[in-house]
Amino acid sequence: MRYDVLIIGGSFAGLSAALQLGRARRRVLVIDAGQRRNRFATTSHGFLGQDGVPPGQIIATARGQLARYATVEIRDGAALGVTGDEQGFVVETDGAPAAGRRLILAGGVTDTLPEVPGLAERWGKHVFHCPYCHGYELNQGPIGVLATGPMSLHHAQMLPDWGPTTLFLNGAFEPDAAQLADLARRGVTVERTPVAGFFGAGADIRLADGRTVPLAGVFTLAQTRLTGPLAAELGVDIEEGPLGQCIQVDAMQQTSVAGVFACGDTARLAGSVALAVASGTMAGTAAHRSLIFTA
């Protein structure tokens, strides 16, 4: 079978794109490796109507709703490679290859976390990247910002709205005089002693001099890279930002390669569930329109 649209990635953006196309009665295949970026988080926040719901539950509900659309198929598995152009694409999977007229990349990104003992196992539970997603639940308790570079300054400047904030420089950078003055204005404590690791079962940080700093939660900026090989194989334009990679798209989520769209964290340097759903909606409708007006 040749599908109208192949969607790589079955998380919030990919399923949102599939919903628009299914409602347009187009034949759609979603290829999903099951590696949601927020799979480590117990609850999702900031998405209207779903605030506080476990992200896996949102996805399960979405899959159940998509099952009502006879033209939408979801295949569990990884997309391993791609060939083709605007006349048609073939995606190699760990099952049978799939062919489609259009392609939507929604495979997300992979986070590379700071190498601090105890951080990885706390990711999504006590250590976060998005204040809007997790800051409120810290109940105005003490918050840490673990610096990974100059961009962490913005994290530290924002977070006092959610609780008293300490910026742990950890040798990542040194704020200049103006930046230090602004941090002081925001009430941020600057800690220059290196971080030895996390202490206990929560977010408390142990410093190299033996002190322990009790914290309700910690925020840090991970480096990101695109998940999977398809973007590179297609030759779409990729933006290299201070925090990692994303695919360049226009307002309609169209990439630099005709017939290829991208959405979700794949196509923006900062993301959330709500933004992923919005961009997936746009990618799905744009792919549908391209089938009509440029067929």
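The values are calculated or read from the model by the stated rules, or taken from the named source; none is laboratory data. The structure displayed is predicted, hence computed values, not measured ones. Using ideal geometry, Cβ is built from the backbone for each residue, glycine included, and neighbour counts are taken over all protein chains shown.
Criterion first (out of contact with any Ser or Thr (no Cβ under 9 Å at 6 or more places or on another chain), of a type outside the set (Phe, Trp, Tyr) and modelled with pLDDT under 95) does GLY14 satisfy it? Let's see the steps before the verdict.
On the way: out of contact with any Ser or Thr (no Cβ under 9 Å at 6 or more places or on another chain): yes; of a type outside the set (Phe, Trp, Tyr): yes; modelled with pLDDT under 95: no.
No; evaluated as a whole, the condition is false for this residue.
This table checks each residue for (1) farther than 20 Å from HIS129 by Cα; (2) touching a strand residue (DSSP E or B) at 6+ places or on another chain (Cβ under 6 Å); (3) outside the structural domain of LYS125 (by TED's automatic domain parsing).
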| residue | (1), (2), (3) |
| --- | --- |
| ALA17 | yes, yes, yes |
| GLY34 | yes, no, yes |
| ASN38 | no, no, yes |
| GLN57 | yes, no, yes |
Working only within segment 272-295, note down all residues that are under 15 Å from PHE12 (Cα atoms) and either free of Cβ contacts under 8 Å to residues at least 24 places away in the same chain or not in a loop (DSSP other than H, G, I, E, B) (or both).
-> VAL273, ALA274, LEU275, ALA276, VAL277, ALA278, SER279, GLY280, THR281, MET282, ALA283, GLY284
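Could you list, in sequence order, the residues of segment 178-194 that are among the small types (Gly, Ala, Ser) and at negative phi?
Step one: filter segment 178-194 for residues among the small types (Gly, Ala, Ser), giving 178, 181, 184, 187.
Of everything in segment 178-194, those that are among the small types (Gly, Ala, Ser) and at negative phi turn out to be ALA178, ALA181, ALA184.
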Go through segment 124-134 and give me each residue that's surrounded by 16 or more Cβ atoms within 10 Å (Cβ to Cβ) and either touching a His at 6+ places or on another chain (Cβ under 9 Å) or modelled with pLDDT under 95 (or both).
-> GLY124, PHE128, HIS129, CYS130, PRO131, CYS133, HIS134
Kindly provide the set of residues from segment 92-117 that are among the aliphatic types (A, V, I, L, M), touching a helix residue (DSSP H, G or I) at 6+ places or on another chain (Cβ under 8 Å) and either modelled with pLDDT under 95 or surrounded by fewer than 23 Cβ atoms within 10 Å (Cβ to Cβ) (or both), ordered by number.
-> VAL109, LEU113
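Mind telling me which of the residues GLY171, GLY141, GLY149 ends up being surrounded by fewer than 18 Cβ atoms within 10 Å (Cβ to Cβ), at pLDDT below 95 and of a type outside the set (Lys, Arg)?
On the way: GLY171 fails: at pLDDT below 95; GLY141 fails: at pLDDT below 95.
After ruling out the rest, the residue left standing is GLY149.
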If you scan segment 6-15, which residues turn out to be within 12 Å of ARG63 (Cβ to Cβ) and either among the aromatic types (Phe, Trp, Tyr) or over 15 Å from the mean Cα position of the chain (by Cα) (or both)?
-> PHE12
Restricting segment 273-293 to residues that are surrounded by fewer than 19 Cβ atoms within 10 Å (Cβ to Cβ) and not aliphatic (A, V, I, L, M), the one nearest to THR42 (Cα to Cα) turns out to be THR281
If we only count helices (runs of 4 or more DSSP H) wholly inside segment 85-190, which ones have 1 or more residues that are within 30 Å of ALA232 (Cβ to Cβ)?
-> 131-134, 152-158
